[in-house]
1. Can you work out the FRET efficiency for the pair residue A:258 and residue A:47, with r the C-beta to C-beta distance and R0 = 22 Å, to the nearest 0.05?
2. In which sequence would B:101, B:250 go, from the one with the fewest C-beta neighbours within 10 Å to the one with the most?
3. If eta is 0.692 mPa s and T is 37 °C, what Stokes-Einstein diffusion coefficient results for region B:156-230, Kirkwood Rh from Cα pairs, in µm²/s?
4. Rounded, prolate or oblate: which one fits region A:184-286, using the alpha carbon gyration tensor with axes a ≥ b ≥ c (rounded when a/c is under 1.5, else prolate when a/b beats b/c, else oblate)?
5. From the mean inverse distance of alpha carbon pairs (Kirkwood) and the Cα radius of gyration, derive Rg over Rh for chain A.
6. For residue B:289 and residue B:149, FRET efficiency with R0 = 45 Å and r from the beta-carbon atoms, rounded to 0.05?
7. Within region B:1-40, name every residue whose backbone N is under 18 Å away from a label modeled 7 Å from Cα of residue B:358 along the Cβ vector.
8. Two decimals is fine: what is log10 I(q)/I(0) at q = 0.09, 0.22 Å⁻¹ for region B:258-367, from a Debye sum with one equal scatterer on every Cα and no solvent?
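Read the figures in this text as sums done on the coordinates, not as results from a lab. Quick caveat: nothing in here was measured; it's all calculated off a predicted structure. For neighbour counting, all protein chains shown are included, and Cβ atoms are generated from backbone atoms with ideal geometry for every residue, glycine included.
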C-alpha cells in the first residue's frame, strides 16, 4: 500500500513509528516505515547528537524523523532549580508519602537526584531542533501542536518537513495555517497527550478540515493491519503508531525498559487512564498503583506543565530503580491490550502490512 | 457491500439503525438496513403495540428490530412512586434549583407530572419483549448487555435473534455464552451508555474474542461511508448507528424533537460529555447548560439506575416544554459534529453506501 505520504517522506509503507528508543526508530526506518525518535528525554543536546549519529549509522540511508515537545506560545523558562521553587510543599509531601506507601525505595545516598526530563522547556526543545537539523532528518514532529512559525521556517530552510499533533479539527487548521506540512490526528485512545475525540470521529474531521493542504496521519488505537486499514479508510494518508513499538525486542535495549515492557504485556485495553499527573496536560498512561494513588480523595490536583513533570521527576527516578511493574509510570494507549508478545520491529511491520493487505482483500470480497 | 449479517437479518446493506422514532426506524428498514426501534420510552405496552402496528404497516414487509433496556441481574422493581421515596431530598432540591437557575419554566398547574421513563424497570422491559414477540420483529437488542437467558430463549422460540451491546471483550464473550446471536461493540465515542474503550480498539478485540460464534456490529463514531468502511476493516460484520439518524427529516415527526434536533445540528464533536446524570450509568450526552450544572462544585453525585432517571424525569418534562436548545437533555455520540444538515433517511443511507463503495475503491487504488 502506497499513499502520497510515501512519496512525501520517501518511505515504502505509510507507517510512521514514534518511539523514545533510537534502536526502535532505526528498525522502523529499516523496515520501510519512518522511525521518529522522541527527543524529550535528552536533557543534554550532546546526548541527542550522539543518538542521531547512531541513527545515521544504523538506518541504511533510509529517512527518519525526530519528535520534540514544544508549546506554541508562552514558553515557561528558567532552570529546573528555579521552577522547582514554584512547587507547593504539599505536593512534594504527597509524592514522597505515596511512594513510601507504594513500597518504592528511596534513592540511595550515593545516587544524585537528576534534573528530571527538561525537554518540556522551550529552550531545551529548541536545542533539540538545532541538533536535529545538523542530521539528515526528514521530519520534525511536535507533540504539542504547531511549533512557533520561526521553527517551522528553520526546518523548511533545511528541507525538513514539520508535523504537528492535533486533537481537534480547528487545531489542525491552525497548524497548517502556520506552515505545518503533516497533521497527526491523535485520538482519545492514543497514548501520551490526547484530547477527548476518538480516532474514528477525529480523523475524517481533520481530513475534511485541512483538505488537500496537508496529509493527515491517524494516531490512536492502531496496532494491527485491520486498524491501519481503518485509518486509511477514514481518509488518513498513513498511520502514526507509538505505543505498539513498546512491545518489541529493540525496545528492551535501553536500561529499565524490560520492567516497563513486562507491565505493558500484562495490561488490557481497560488498563489505561487519562491523567495530568505525567506532564500537567492530559495524557493517557498505563493504569498502575502509582496512577491510582492520584485519584484517591485528598490527592492534590496535578500542577500545570512544566511544574508537574519536575514534581514527579524524582518519583520517576525512584520508580525506575524499583523495577516493580505494578507502579510504573508510562504513557501508553488503549492498544496496550493488543501488546501481548515481544517481537522484532521487522516482524511487527511485516505482520501489520500482510494484515492490511488481507483486509483490503476482505473488503473487496464483500462486493 | 454484503456481509454475513445481511443474510442473517435478511437485509440488503450491513447497516443497523437504532432510533427512538418509529418513523426513522421504518425508513431505515425501507432503505435496506435494519431499523431498530428503541422501546424504553413506552411506559404503556399498548403504546408500543400501536407503534409496532404502525411499523408493520410501513416497512413494506422488510425486517425490523426493537431495542429494550434490561439489566441482566438484580432487577430493581417497584412502582415509580415507591422508588421515588429512595431519592434523597437534597437531590430533588438540586434539580429544582438548577432548572430555575437555567430559566426552565415550571410545569403549568394543569399539566400532570408524568411517571418519567419506566422502560428501565425490568418488568416494563419484559412487557416490551412480550409485545415485540407478537409482531414480526427480526431482532431484539438489549442496550445493557445480555438479557436474562430465559428472555433469549423466549426470543429464539419465536425465531427472533438477540443482540447485546458490549463495551469490553469479556462482556461480549459472556453475552455469547448466554446465547446472544449478535454483539454490538459500542465504543467510548458512542452516544448513550458507553464504556472507556474506543471503537478503533474495541471492535477488533471483540471480533477476536467471539470469533465465529457471533457477528459483531461496530457502534460509536459512525456517520459516513468512510467510517462504515473503517468498521468493516476492523472486522465488524456491519455498522450499528444511533446518533446519526437524529438529523433526519423523519426524526422531526415526534413532538418536541425539532428543538432537540436544532441543538444537535449546532454541536461539534467536542460538545458531548459522558455522565451518569441521564440514567445512573455512564452515558454520552449532548453537552448543554443542563449537563454543565451537574459538574459545578457542590453538585450531587448522580444516583444509581433506576433512581437517577426517576429523579430527572420531571426535569426532562420541563426541559422538553421549555424548547430551549441550550438546556436539552439528549444522548448523542461524538459523531454529532458531522450532523450538520437534515435529510431524509433514504438520502443518508444512499450517501453512506456510495461513500462506503468509493472508500473501498480508494483503498484498492493504493495498491
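1. Efficiency, rounded to the nearest 0.05: 0.55.
2. Going from least to most buried by this count: B:101, B:250.
3. It comes out at roughly 264 µm²/s.
4. The shape class here is prolate.
5. 0.95
6. Working from the Cβ atoms, E equals 0.55.
7. B:1
8. After summing over all Cα pairs, the log10 values are -0.34, -1.19.
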